Structures are given as structure tokens and as C-alpha cells.
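Trainee: Dumping the structure here so I can ask a few things about it.
Nothing in this text is a laboratory measurement; each read-out follows from the coordinates by a stated rule. Because the structure is predicted, anything quoted here is derived from the model rather than measured. Positions of Cβ are backbone-derived with ideal geometry, glycine not excepted, and every protein chain shown enters the neighbour counts.
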Amino acid sequence: MSEPNPYWWAYTLRRAHRREHDGTLRTVLTGLIPLAVAAVLVPVVRPVFLGFLDEGSQALAPGLQGIVLRLGLLIVAVTALDVYAALIRSDERAILDLHPVDPEQVSRYLMGRTERERRWIPAAVAILLLPVAIEASVVGYTFSVIALAAVATMSFRASALMHLGAVGLAESEWAAPFLDLLRGSNPRAQAAFIYAPGAVLAATAGAVWLASLGVQFSLSNAPLGMVLVILPVLIGGLASHYVGRVSQRSWFRASPILADIDARYSALEQEDDGLRVYLEFTLRWLPERLALYVEKDLRHGWRLRRTGVTLAWAVGVLSALAGWSGSESAPVTSMVVGVLGVFALALNGVLMESDQPAFLREWLSVDKSAAMAARGIAVFGWLQAAVWLPLPVIWLRHGFLPAATSTGIVFACSIVAAVLVALCSRRPRWGLWVYLPVVAGIAGVVVTATRLGGAL
Amino acid sequence: MSAAIVFEGVRKTYGRVVAVDRVDVSIDAGAFVGLIGHNGAGKSTSLKMLMGTLLPTEGRVTVCGIDVSDNPRDARAVMGAVPEEPAVYEYLTGREFLEFVAKVRGCEGVIPALEQVGMLGDSDRLTREYSQGMRRKIALAAALLGDPKVIVLDEALNGLDPPSAARIKGVLRERVDDGATVLLSTHVIDTVERVADRVIMLAHGRVVADEVVAELAEGGLERLFLERLEATRDAR
């Protein structure tokens with residue numbers, strides 16, 4: 001009989017201790033947050049993304065196919081980044097690198113841990129798509145949820161395989177000329193990692209498309225439909241089979257490669273540049289009393305929540321893409337993406353309070369009002385990429401007024417989000433519980449009012 | 001006597017920055033060696049290459065004849081290591097963390113290891129409640145598990161209270177007497193003088209001295225360190 005995976009054993013123990021430490025109620029409530037967010041988003045998502053439900057039964061099958069395809073690609077994109085953070089840039093490497101770990105067991109554990117911690121994704125999708133079951137078709141809903149769960153299952157495994165493969169690619173002689181073409185000013189090895197999530201998306205897009213077609217076929221009782229719906233699971237199984245083999249070399253090689261990449265980045269930067277963080281240039285326009293705290297928060301956010309901070313650019317791009325469509329509703333869709341994105345990203349500002357080292361709070365004489373305002377200013381700054389990127393796109397495609405209105409609404413939401421974050425930042429324990437329902441309510445009101453009022 | 005640790009023409013560069021420059025060192029099995037040097041001398045870089053978390057730009061590093069770059073798993077199996085900033089799982093107790101390491105290394109002996117570092121009494125507390133010194137002791141205990149042939153310690157005695165430091169020095173000396181090899185990097189010259197048999201001095205990435213400690217006069221190590229450092233500066 002094979003030995004149980006020791007990494008899972010330790011993880012299970014850690015979770016149990018964490019639950020004892022945080023209390024069962026808090027653990028359960030924290031786990032329910034994504035589902036609660038999904039639930040409050042349903043009224044917002046329904047009119048914008050599930051509009052085909054109003055267009056009769058003929059529109060149902062293609063409508064579901066489209067939404068499953070889009071959600072599936074989104075799931076792949078998110079999980080690909082997640083698996084990269086867990087498997088390649090793993091926070092556990094500092095511990096595991098000292099020991100003769102079994103690379104296959106470690107890789108499977110980290111892949112499984114990520115999947116476990118993201119098991120809310122299929123559940124949240126099931127909640128977001130509930131209007132389909134209620135208003136149109138339980139069968140269509142069920143197949144859509146199964147297809148998206150299958151896509152998630154595939155994505156974790158395919159991402160693990162591709163990221164581990166990227167380690168080999170980063171070192172390979174034959175890939176060097178290609179990586180040099182792609183890398184820009186990054187170290188060569190980094191190019192392999194930068195493009196790996198895109199490669200995951202490209203490699204699995206076909207399976208996601210087939211699964212979405214499977215949903216469409218299933219509605220017409222075509223037997224091929226069910227096969228296509230679960231096809232991603234089969235592809236995931238195949239990818240999982242090769243994870244063990246690829247991990248044998250890649251797990252160990254990843255640490256020194258990453259160390260080299262980080263060191264090269266440091267060597268590339270001037271000493272002063274190494275200390276600078278995103279948006280630090282804005283400090284020169286702030287009064288000294290505020291600048292100190294804003295600088296602290298900009299550094300805190302950039303160093304500990306960089307993904308959340310830079311995602312504002314991704315939301316901006318997504319919103320601009322939504323605005324590029326020739327459809328009349330494109331400015332509204334872009335605005336909805338922007339509003340939801342802005343409120344979701346601002347959550348970083350609330351969560352930063354939990355990263356704050358306790359000694360800082362105890363040792364520094366904190367100017368409370370300045371600290372509060374600073375948090376709001378930092379968050380406001382981070383959100384602007386999501387606000388302004390779609391403006392020229394919508395202007396070009398739909399004219400100035402829709403562009404200005406859409407951007408104005410998202411900009412106003414970024415101010416509201418920043419103010420809310422500032423108010424909630426002083427209540428680390430309950431800030432989250434105040435912030436989430438309030439912004440969900442505001443987002444719902446803004447989106448519904450905009451649609452009903454035909455503001456765009 | 002066979003070599004436990006060998007650096008063979010090892011060079012590590014980051015672009016134009018040379019962190020370690022053509023280091024050739026061979027350490028026999030059963031030796032207690034101190035590695036000293038100024039900040040940025042290349043001590044941690046050298047130890048990271050020994051632990052396999054950095055790859056040499058040129059040359060190779062072997063542990064008990066195993067090439068660390070080519071066979072990192074086999075190399076880690078014969079080596080126990082404590083990095084400069086040891087990491088532990090915050091939501092495990094000290095004992096559970098060592099049990100985890102023992103499972104990974106396929107060995108036993110958690111209780112004796114806890115006793116050796118003086119942590120048995122605190123072993124059922126979560127490591128997140130530990131002080132920096134206590135975490136370091138748990139990391140040391142983890143490095144001692146499975147009786148590794150080579151023990152690598154990067155500033156591992158820093159932050160320990162004097163009785164704990166003395167106890168651990170004693171444990172390390174016992175391991176050396178049993179045939180293990182210890183490579184201890186430190187800023188504290190006094191520590192090297194007291195426990196090490198041999199001292200290797202790095203300055204600006206190069207080995208500038210390699211001496212038998214017993215052959216140095218009292219206080220001689222500090223004098224030698226300052227002289228060599230000065231000479232290296234002048235040469236640059």
C-alpha cells in the first residue's frame with residue numbers, strides 16, 4: 001500500500017487548526033462570501049448577460065452556448081493564474097525546498113489544494129445561472145453547470161501541466177530564440193512563465209467551445225451533447241496523467257530559475273527603482289500628512305496584493321472589449337463590467353487591513369483620519385485603470401455621449417468604492433461584512449437604474 | 001578522507017553583478033567549518049547553491065559526491081539545512097511540523113530532535129505563536145531529522161538566547177564527532193572560533209582565507225578577517 005500524501009496530511013491539519021483559531025462560524029461565513037456575492041450579483045447579471053432569456057425558446061440554445069463559452073474561458077483564465085501562483089510561485093517552496101520532496105506528490109497536492117480552495121467557482125456559476133433554471137430550462141441549466149464544472153476540472157490540471165512544462169521551456173536551448181523574441185525587457189526565462197496562462201487558454205479553448213456546443217446539442221437531445229459536455233473532464237484526466245512525469249524535473253528546477261529571474265529583475269533596476277512602487281509618483285501632489293500613509297498603502301498593496309492591484313488593467317481591457325461590440329447595448333455592458341470590477345477590486349483595500357502587521361499599528365502613532373483617507377486615495381488610484389481604458393473605445397464605436405456617460409458612472413462608482421473602503425478599513429473584522437452588501441446594493445441600483453432610465 | 005562538500009570552479013553572476021567568483025572549496029566529511037564574510041560577500045549565495053535553490057552560472061557543487069544541480073532530490077536527502085530566514089507552516093504545532101518533515105524525509109526521531117533544541121515543552125503550540133528564536137530552533141530540529149550527513153546552517157544561531165545557542169553548538173559538535181559535516185555561515189567570529197575546526201573567509205565573492213582555527217592565535221581570526229578584507233578592498 002502506498003504511503004498517504006504527507007503534504008495533504010499537513011494541509012488537513014493546518015486547516016483544522018485554522019478553523020479552531022478562527023472559529024467555525026467565521027470559517028463557514030468566509031467560505032460563503034463568494035456564494036453570497038454571486039447571489040447578490042444575479043439581478044445585475046440577469047439583464048446584461050442573460051438577456052437571451054427574454055427572446056423566446058429559439059434563443060435559448062445559442063444563448064446558453066454563448067454564456068457557457070464566455071464563462072468557461074473566464075474560468076480557465078482565472079484558474080491558470082491561480083495554479084501558477086500555487087504551483088510555481090508557491091508560498092510553500094520556502095519550506096519544501098529544503099527537503100527531498102516527491103515532486104509528483106507535491107505537484108498533485110498543490111494542484112488539488114488550489115482546486116479545493118476554488119471549489120466555490122462551480123457553485124458560484126450555478127448561482128449566477130439560476131435564472132436559466134427558473135425562467136427557461138432546468139435541463140439547459142443543469143448541462144451548463146455540468147459543462148462549466150467540467151471546464152474548471154480540466155483547467156486546474158491543464159494549467160498545472162502547462163506551468164510545469166513552462167519550467168522546461170524556460171531552460172531549453174531550442175526555445176531560447178523564441179523566448180528572446182517575446183520577452184521584451186524581461187529575463188528570458190520569465191517569458192516562458194508570462195505566456196503560460198495564455199498558452200493554457202489557447203490549448204483548452206477548443207475543449208471549452210466543444211463543451212459549450214455540447215450544452216446546445218443536449219437541449220435538442222442529441223446524444224453527442226453529453227459527451228461534449230464532459231469532454232473537458234477527459235482532457236483534464238489526460239493532463240493530470242502527465243503532471244507526475246513532467247513534475248519530476250520541473251518542480252526542483254523552478255526554484256533556482258525563479259530565484260534567477262527575481263535577481264535579474266533586481267539587477268536590471270536601479271537601486272532606487274527597486275524601491276519604487278506603482279503610482280508612487282502621485283505622492284508629490286499630496287499634502288505631507290497624507291503622503292506618508294498613502295505611500296505606506298501603495299507599498300503594502302503593491303507588495304502583498306499586486307495581483308488585485310494590477311487586475312484593474314485587466315478589468316479596463318475587459319470593459320473596453322465589451323464596449324467595442326457594435327451592439328447598441330455595448331456601452332451598458334462595458335459599464336456593468338466596469339462597475340462590478342471597480343467594486344470587486346476595491347475589496348483589496350478592505351482586505352489590506354488583515355495583512356497589516358500588528359506591530360505597525362501598535363508602534364506607529366497613527367493619525368486615524370489621515371490613515372483612513374490614505375486608504376481611500378490609494379484604492380481610488382488603483383481603480384482608475386479600470387475606469388478610463390474603455391473611454392476611447394466606446395467613444396470611437398458609439399460616440400462621445402455614451403462613452404462619457406459610461407465612464408462617468410464607473411468613475412463615480414470608483415469614488416464611492418474608495419470612500420466605502422476608507423470607512424471600512426478601520427474595522428478589519430467586520431469591514432468586509434459591511435462593504436460587500438453595501439456595494440452589491442449600490443451596484444444593483446446603478447446598473448438597474450441605468451438600464452431602466454436608458455441613460456446610455 | 002572523502003569530501004562531503006565540493007565547490008568546483010563555482011561562479012554565480014546576475015548580469016554584470018558577480019556574486020560568487022570562481023570558488024574552489026573541498027570540505028572533508030566529519031569537519032565543522034565556519035563560513036564568514038562581510039555583508040554581500042557571497043555567503044548566502046554560496047549556501048543557496050549548496051542547497052540547490054540557486055544554480056551556479058559556472059562550475060558545480062556536490063554533496064557526498066552528488067551533483068546538487070543534476071540530482072537535487074538525492075542531494076537534499078543527505079543534507080539538513082536551515083536558511084537565513086527559516087519558514088515553517090504557521091498553523092501547525094512545532095511537533096506536527098517536525099512530523100511532517102519526518103514523513104517527507106522518511107525518518108523518525110521527532111521527540112529526540114525537539115529535546116536536542118530544547119523545544120519539547122513548547123512543541124504543542126502553533127508555530128505562529130513562536131518567537132523568531134523558537135522558529136529557528138524548530139527549523140534546526142527539522143534539519144537534524146534523519147541524521148543527515150551534511151548540515152548547512154545560514155546564520156542559524158542568530159537570535160538564539162545564549163543557553164540555547166550553547167546547547168545547539170553542543171549538539172552540532174556531537175553530530176560532527178559522529179561523522180557528520182557542518183557548514184555554518186555566520187557574522188559572529190567568536191562563534192566560529194569556539195566551535196569550528198576550519199574557517200573559510202569570503203570577500204566580494206572570492207575565498208580570501210581558508211585556515212585551521214586551532215592554528216590561529218587567540219583573537220587572530222578577527223585580525224585576519226579585517227586584514228584580508230582590507231587587502232581585498234585595496235585590490236579592487
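Trainee: Helix hunt in chain A: which complete DSSP H runs extend at least 27 Å axially by C-alpha with mean Kyte-Doolittle at least 1.0? Walk me through the intermediate numbers first.
Mentor: Working: long enough: A:24-49 (37 Å, 1.72); A:60-83 (33 Å, 1.78); A:138-171 (50 Å, 1.38); A:196-219 (35 Å, 1.40); A:223-268 (58 Å, 0.73); A:306-324 (28 Å, 1.13); A:330-355 (38 Å, 1.42); A:368-388 (30 Å, 0.89); A:400-424 (35 Å, 2.14); A:431-453 (32 Å, 1.53).
Correct list, ordered by number: A:24-49, A:60-83, A:138-171, A:196-219, A:306-324, A:330-355, A:400-424, A:431-453.
Trainee: Related question: Just to confirm the number: angle between the C-alpha axis of helix B:94-105 and the first principal axis of chain B, 0 to 90 degrees, nearest 10?
Mentor: Helix B:94-105 sits roughly 70 degrees off the main axis of chain B.
Trainee: What is the magnitude of the charge dipole of chain B about its Cα centre, with +1 placed on the Cβ of each Lys and Arg, -1 on the Cβ of each Asp and Glu, and no other charges, expressed in debye to the nearest 20? Each step should come with its number before you reach the end.
Mentor: Details: 29 positive and 36 negative charges, 126 e Å.
Computed charge dipole of chain B: roughly 600 debye.
Trainee: Any idea how far the Cα center of the stretch B:3-18 sits from the one of the stretch B:75-92, in Å?
Mentor: Rounded to whole Å, the Cα centres lie 22 Å apart.
Trainee: Using a simple spin-label model with points 7 Å from Cα along the Cα→Cβ vector, what separation in nm is obtained for B:V17 and B:D70?
Mentor: The answer from the label model is 3.1 nm.
Trainee: Between the alpha-carbon centers of the stretch B:112-151 and the stretch A:199-220, tell me the distance in whole angstrom.
Mentor: Answer, in whole Å: 51.
Trainee: Which distance in Å, rounded to a whole number, links the C-alpha centroids of the stretch A:66-136 and the stretch B:46-62?
Mentor: If you average the Cα positions of each part, the centres end up 33 Å apart.
Trainee: Let me ask something else about it. Multiply the residue gap between A:A222 and A:W430 by 0.36 nm, knock off their C-alpha separation, and tell me the result in nm, one decimal place.
Mentor: Working: separation 208, 0.36 × 208 = 74.88 nm, distance 5.02 nm.
Value of the extension gain: 69.9 nm.
Trainee: Relative to the compact-globule scaling 2.2 N^0.38 Å, provide the ratio for the alpha-carbon radius of gyration of the stretch B:87-147.
Mentor: 0.95
Trainee: Restricting the calculation to Cα positions, tell me the Rg (one decimal) and the Dmax (whole number) of the stretch A:281-388 in Å.
Mentor: Gyration radius and largest Cα-Cα distance of the stretch A:281-388: 16.1, 56 Å.
Trainee: Next question, about the same structure. Based on Cβ point charges of +1 for Lys and Arg and -1 for Asp and Glu, what charge dipole magnitude is obtained for the stretch A:275-453 about its Cα centre, in debye rounded to the nearest 20? Don't skip to the end; give the middle numbers.
Mentor: Working: 16 positive and 9 negative charges, 50 e Å.
Dipole of the stretch A:275-453, to the nearest 20 debye: 240 debye.
Trainee: Let me ask another. Using a Förster radius of 51 Å, what is the FRET efficiency between A:Q248 and A:R289 based on their Cβ-Cβ separation? Nearest 0.05, please.
Mentor: On the way: r = 56 Å, r/R0 = 1.10.
The calculated FRET efficiency here is 0.35.
Trainee: For the pair A:A39 and B:E222, what calculated FRET efficiency results from E = 1/(1 + (r/R0)^6), where r is the Cβ-Cβ distance and R0 = 56 Å, to the nearest 0.05?
Mentor: Details: r = 68 Å, r/R0 = 1.22.
Rounded to the nearest 0.05, the efficiency is 0.25.
Trainee: Note the per residue figure in Å³ for the convex hull of the C-alpha positions in chain A.
Mentor: Details: hull volume 81.6 nm³, N = 456.
Per residue, the Cα convex hull of chain A comes to 179 Å³.
Trainee: Run the quick spin-label model on A:L29 and A:A202: label points 7 Å from Cα toward the beta carbon, then report their separation in nm to one decimal.
Mentor: About 4.6 nm separates the two model spin labels.
Trainee: Additional query: Calculate how many DSSP beta bridges within the protein assembly as shown are antiparallel, expressed in % of all such bridges and rounded to the nearest 5.
Mentor: Details: 22 of 40 bridges.
Here the antiparallel bridges make up roughly 55 percent for the protein assembly as shown.
Trainee: Only helical DSSP H runs with n ≥ 4 go in: add -39500 (n - 2.57) per run for chain A, normalise by residue count and round the 222 nm mean residue ellipticity to 500 deg cm²/dmol.
Mentor: Details: 21 runs with 370 residues, N = 456.
The per-residue figure over chain A is -27500 deg cm²/dmol.
Trainee: Please report the base-10 log of the normalised intensity I(q)/I(0) for the stretch A:166-252, using a Debye sum with one equal scatterer per alpha carbon and no solvent, at each q in 0.10, 0.18, 0.24 (1/Å).
Mentor: -0.40, -0.84, -1.10
Trainee: Let me ask something else. Roughly how many nanometres apart are two label points built 7 Å out from the Cα toward the Cβ at B:S2 and A:V138?
Mentor: Using points 7 Å along Cα→Cβ, the separation is 7.1 nm.
Trainee: For the stretch B:1-108, with equal point scatterers placed on the C-alpha atoms only and solvent neglected, what are the log10 I(q)/I(0) values from the Debye formula at q = 0.15, 0.17, 0.18 1/Å, to two decimals?
Mentor: Calculated log10 I(q)/I(0) at the listed q: -0.73, -0.89, -0.97.
Trainee: Here's something else I'd like to know. To the nearest 0.05, how large is the calculated FRET efficiency for B:Q132 and A:V277 if R₀ is 22 Å and r is the Cβ-Cβ distance? Mind dumping the intermediate values first?
Mentor: Working: r = 26 Å, r/R0 = 1.20.
Using R0 = 22 Å, I get an efficiency of 0.25.
Trainee: In whole Å, what are the Cα extents of chain B along the three principal axes, biggest one first?
Mentor: Result, largest extent first: 54, 41, 35 Å.
Trainee: Return the percentage of antiparallel bridges among DSSP beta bridges fully within chain B, rounded to the nearest 5 %.
Mentor: Details: 22 of 40 bridges.
The antiparallel proportion sits near 55 percent.
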